[in-house]
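Working notes, beginning with the structure itself.
The values are calculated or read from the model by the stated rules, or taken from the named source; none is laboratory data. Remember, it's a predicted structure, so these values are computed and weren't measured experimentally. With ideal geometry, Cβ positions are generated from the backbone for all residues, glycine too; neighbour counts draw on all protein chains shown.
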Amino acid sequence: MKTYNMGIEATLEIIGGKWKALIICLLMTGVKRTGELRRGIEGISEKVLIQQLRELERDGLVERKVYEQMPPKVEYRLTAYGVTANEIVAVMCRWGTENIRMRQQRGEAIEWTETREESEEAE
């Protein structure tokens with residue numbers, strides 16, 4: 001039997017770590033193929049990306065659709081349950097944006113390429 005002392009433990013078990021929130025963030029905009037996700041997440045290897053996608057699929061947040069064709073084609077999308085994580089990820093994005101700006105104002109050298117969506121969320 002799994003025991004949690006706080007609800008956030010269950011949240012972090014599902015979407016915690018370095019890559020899962022980024023994957024969810026990219027899938028918020030719609031269906032993506034493996035290559036699109038890999039290009040959208042700097043530094044992630046294909047092996048780790050596929051592992052993270054399989055875990056998100058196992059946990060019911062992501063749906064994988066395989067097309068029987070040559071070359072093989074696989075698409076990923078958020079499930080209805082996965083869409084419920086959007087609110088959490090959006091809050092994380094806003095907090096991160098505010099944190100980066102605050103640190104830059106304090107003089108910390110941070111290079112940041114702000115996306116249009118992040119700019120709109122911060123306003």
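Tabulated data
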quantity: Flag if residue 89 is part of a helix (DSSP H, G or I), modelled with pLDDT under 95 and of a type in the set (Val, Ile, Thr); calculated: yes
quantity: Residue 57 vs. criteria within 22 Å of residue 11 (Cα to Cα), surrounded by 12 or more Cβ atoms within 10 Å (Cβ to Cβ) and modelled with pLDDT of 95 or more; calculated: yes
quantity: Residues (within 18 Å of residue 14 (Cβ to Cβ) and either within 12 Å of the chain's Cα centre (by Cα) or of a type outside the set (Lys, Arg) (or both)) located in the range 60-81; calculated: 60, 61, 62, 63, 76, 77, 78, 79, 80, 81
quantity: Any hit, the range 93-111, residues being surrounded by 12 or more Cβ atoms within 10 Å (Cβ to Cβ), β-branched (Val, Ile, Thr) and under 23 Å from residue 9 (Cβ atoms); calculated: no
quantity: Those residues of the range 9-27 which are surrounded by fewer than 17 Cβ atoms within 10 Å (Cβ to Cβ), of a type outside the set (Lys, Arg) and not in a helix (DSSP H, G or I), in sequence order; calculated: 16, 17
quantity: Selected residue [touching a Ser or Thr at 6+ places or on another chain (Cβ under 8 Å) and aromatic (Phe, Trp, Tyr)] from 76, 67; calculated: 76
quantity: Residue check, residue 29 among the polar types (S, T, N, Q) and over 20 Å from residue 113 (Cα atoms); calculated: no
quantity: Hits in the range 40-58 - residues which are touching a residue at least 24 places away in the same chain (Cβ under 8 Å) and closer than 16 Å to residue 75 by Cα; calculated: 49, 52, 53, 55, 56
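Per-residue answers, yes or no, for (1) under 15 Å from residue 82 (Cα atoms); (2) among the aromatic types (Phe, Trp, Tyr); (3) outside any helix (DSSP H, G or I); (4) in contact with a strand residue (DSSP E or B) (Cβ under 9 Å, 6 or more places away or on another chain):
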| site | (1), (2), (3), (4) |
| --- | --- |
| 30 | yes, no, yes, yes |
| 37 | no, no, no, yes |
| 49 | no, no, no, no |
| 57 | yes, no, no, yes |
| 60 | yes, no, yes, no |
